[in-house]
Every structure is written in C-alpha cells, then in structure tokens.
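Encoded as structure tokens, the structure appears first; notes follow it.
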Amino acid sequence: MKFQVLTIVHHSPHPLTGELLSAADRLEQVVTLGETAERLGFDAYAVGERHAGPFLSSAPTVLLAALAARTTRIRLLTGVTVVAILDPVRVAEDYATLDQLSRGRIELVVGKGAEAGHFDLFGLDEERQWDLQKEKYELLRRLWTEEGVDWEGEFRPALKNVTTVPRPYAGPPRVWHGSATSLNSPSSRRSTATRSSPPTRSSPARRTRGSSPTTARSSRSTGTTRPTRAWRPVPAACSSPTPPSRRSPATRACTRRRSGRASGRTWRGRPATTPFRTIEDAVADGPQLIGSPQQIIDKILGYHEHYGHDLQSVTVDAFGQSTAEQAETLQRFAEEIAPVVRREAPSTLWEE
C-alpha cells in the first residue's frame, strides 16, 4: 500500500472555537503539511480544485508549484483537476511546467468536480458536463503525446499545427480518472474505459455498498499501455490515529459533517445526503479513520480487501486542526499504521 495526503484546502471557522485563519496562513499551512508528509515518508501529496464554497483551492497549480519548490521526493498529484471547465491547452502548459519544476513528480487525477456552480462560473452548460470532459481530456492527451497537433472540436476554437511548451519532463504524466461517488454510473464507466486511465474513488459509502475492484489501463511516457490494478483512494474526512473518546470535541468535529440526513452541501439546489444516520454509524462504516491504530489498520485493510486499492489517501486539515496537530496526526499514522498496512498489503505502484 502507498499513502497520500490529500487536501482540498478547506477554509472555514473552527467548528468549536470559531477561529478562522487568514488565507495567507491557511495556504502556508498547506505547503508546510506537504513538507511534513515528505519528511514522514508519505508517497504522495494531492491538492484538490474547488471554485465555490469555503475552499482556497481554486489555483492548484500555484500551490503545487510552491510544493515542488519545497520538496524533493514526494509525488505531487491533483485531486481532482476539473478538466471539463478548463482550457486543455492551458492545462497542458501549466502541468508540463510543473512536471519540469518537480522533475517528473506530477500526476493528474481528472474529474468533472463535485461542487455545484462551477460550470456556471465558467459560462458552461452543466448538462453537457460529460461531453465537455470527454472532448477536453482527449485534446489534453493529444497535446502531451503529439507535436504539431491539428484538432477541431465543439467547445473551443480549432488548433492547427500546435505543439505546447514546455513538453513534460519525461513523457506524459500519468493521468487517473477520479470520481467521488459515480464509478458505477454508466457515464463514468464509459469515460474511464475510453481514456485508458485507472479510476479513482474519493469516498465510498458503506464498505458493503462499494463497487468491486476493476482492471484499468494506464498510459505512461513510453506511449504503451499496460494492465494495472485500479487505484481507488479512500480519503478520510479526518485522520486521527489517537484513540479519542467517541464523544470528544475532536471526534464530533470530524464526524458531524458526514452524519445525519444532510451534510449541508448542495448539488443542483438539493441537500447532499449520506447513508449514515448516527455518528457511531459514520465512524464504523464511513471514510473517517477514527480510533486506535489497530482499528484504523483493520479498516484500511478491510477497504483493501473490498476495493483492491493501491493508494490510501488521508486528510487531516479539514476541521481546523493546527499545523502542529496535523503534523502529530501524520506522524502517528506514519509510525503506527502505515508500516503494518504496507506489510500486509504490498504494492508496486510507482516502483516500475
């Protein structure tokens, strides 16, 4: 098993104290956390992309550039790149530049995003989201694998003999298909199958309701394709290896947003619902990693048995933990949990 720290740069008042960090301090916290993750031996650090709500992740390329400058080994991923709302030429240029700066450490997880409103923000028709994603991804793929590209599509002006610069560091970065909840939807399956990209899933419902492991294909710099196990990271809403009381403030802060009848987030004007009806239910069967080290080990290995995933994501900065608390949580995870899971569920991801 490989391990990744994922942030979508949540920025809202602390649920208990009401304190709100300045934007500058919150962004510095994200970069510091990336340095900490590398020092502790995590394999990857991912930055999401959000254009609405209480988040500061509207410019993931800028954050990843700062991380590339302050790290040397850890892989830098997106989580996700909302390619459907972006210009593929700009994506090709920006992420190839990042790939050069990081000397080949950039990988993309592409998806259409889970926030209501970002299609309107960019003047796009949300009803065409799958068409937008398909066309724009295909153009991005060609821009990274070909030179002198001639292209004509529906959603942007045609291209004639275009070669984007810079070129990626050592061939096209690996690209994954990301989905929060819809890997089993017909559109998502068709999208993944036609892209030759492994699917990812950001947060399953109950373990008994998840989809079965699949085989996907991944394009690499050689231009060839090969079978690979599907990568389905299961980020935690709050990773806390310390065994807290179920009724402690920290636990309530981590679980209250994922339990009950609605999380408060809306999609197309409707509340987003969850299958969990109590805090205990969410802690037991949801994506939160809360409990003793052994409980968390058992939960991750349970997900691995069901999903066969190679990369486990954890998030520690979504609910107002201080920089020191985030570092302590990651350290305990790295020392008490990761070694056991790596041994019990070995993976060759990133070792080819």
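The values are calculated or read from the model by the stated rules, or taken from the named source; none is laboratory data. Quick caveat, the model's predicted, so the values are computed rather than measured. Please note: Cβ atoms are built from the backbone with ideal geometry, for glycine as well, and neighbour counts cover all protein chains shown. These area figures cover heavy atoms from the full protein model, side chains too; ligands, DNA and RNA do not enter into them. Shrake-Rupley method; radii C 1.70, N 1.55, O 1.52, S 1.80 Å.
Some points to look at:
- Scanning segment 288-311 for residues that are free of Cβ contacts under 8 Å to residues at least 60 places away in the same chain and either in a helix (DSSP H, G or I) or under 10 Å from residue 341 (Cβ atoms) (or both) gives 293, 294, 295, 296, 297, 298, 299, 301, 305.
- Within segment 304-326, the set of residues being open to solvent by 10 Å² or more (accessible area, probe 1.4 Å), of a type in the set (S, T, N, Q) and closer than 13 Å to residue 30 by Cβ comprises 315, 321, 323.
- Scanning segment 23-37 for residues that are open to solvent by less than 30 Å² (accessible area, probe 1.4 Å) and either more than 17 Å from the chain's Cα centre (by Cα) or modelled with pLDDT under 95 (or both) turns up 26, 29, 36.
- Qualifying residue in segment 333-345 (condition: surrounded by fewer than 16 Cβ atoms within 10 Å (Cβ to Cβ), closer than 27 Å to residue 57 by Cα, at pLDDT 95 or above and not aromatic (Phe, Trp, Tyr)): no
- Within segment 158-168, tally of residues that are part of a loop (DSSP other than H, G, I, E, B) and surrounded by fewer than 15 Cβ atoms within 10 Å (Cβ to Cβ): 4
- Segment 55-91 - residue that is among the charged types (D, E, K, R) and touching a residue at least 60 places away in the same chain (Cβ under 8 Å) and, of those, farthest from residue 120 (Cα to Cα): 75
- Only listed residue being at pLDDT below 95, among the polar types (S, T, N, Q), in a helix (DSSP H, G or I) and surrounded by 15 or more Cβ atoms within 10 Å (Cβ to Cβ), chosen from 182, 191: 191
- Scan of segment 285-303 for residues that are open to solvent by 40 Å² or more (accessible area, probe 1.4 Å) and modelled with pLDDT under 90, ordered by number: 285
- For segment 79-121, a residue qualifies if it is polar (S, T, N, Q) and touching a Phe, Trp or Tyr at 6+ places or on another chain (Cβ under 9 Å), and the qualifying residues are 81, 100, 102.
- The set of residues in segment 81-94 that are more than 18 Å from residue 166 (Cα to Cα) and open to solvent by 30 Å² or more (accessible area, probe 1.4 Å) contains only 86.
- Residue 137 satisfies every condition listed in (1) hydroxyl-bearing (Ser, Thr, Tyr); (2) open to solvent by 20 Å² or more (accessible area, probe 1.4 Å); (3) touching a helix residue (DSSP H, G or I) at 6+ places or on another chain (Cβ under 7 Å) except (2).
- Among (1) in a helix (DSSP H, G or I); (2) surrounded by fewer than 17 Cβ atoms within 10 Å (Cβ to Cβ); (3) of a type outside the set (S, T, N, Q) - the single one residue 282 does not satisfy: (2)
- Meets criteria (open to solvent by less than 60 Å² (accessible area, probe 1.4 Å), touching a residue at least 60 places away in the same chain (Cβ under 8 Å) and touching a Gly at 6+ places or on another chain (Cβ under 8 Å)) for residue 116: yes
- Check on residue 97, open to solvent by 40 Å² or more (accessible area, probe 1.4 Å) and within 30 Å of residue 159 (Cβ to Cβ): yes
- Inter-residue pairs, beta-carbon under 6 Å, first touching a residue at least 60 places away in the same chain (Cβ under 8 Å) and open to solvent by 30 Å² or more (accessible area, probe 1.4 Å) and in segment 145-157, second assigned to a strand (DSSP E or B) and not hydroxyl-bearing (Ser, Thr, Tyr), 6+ apart: none
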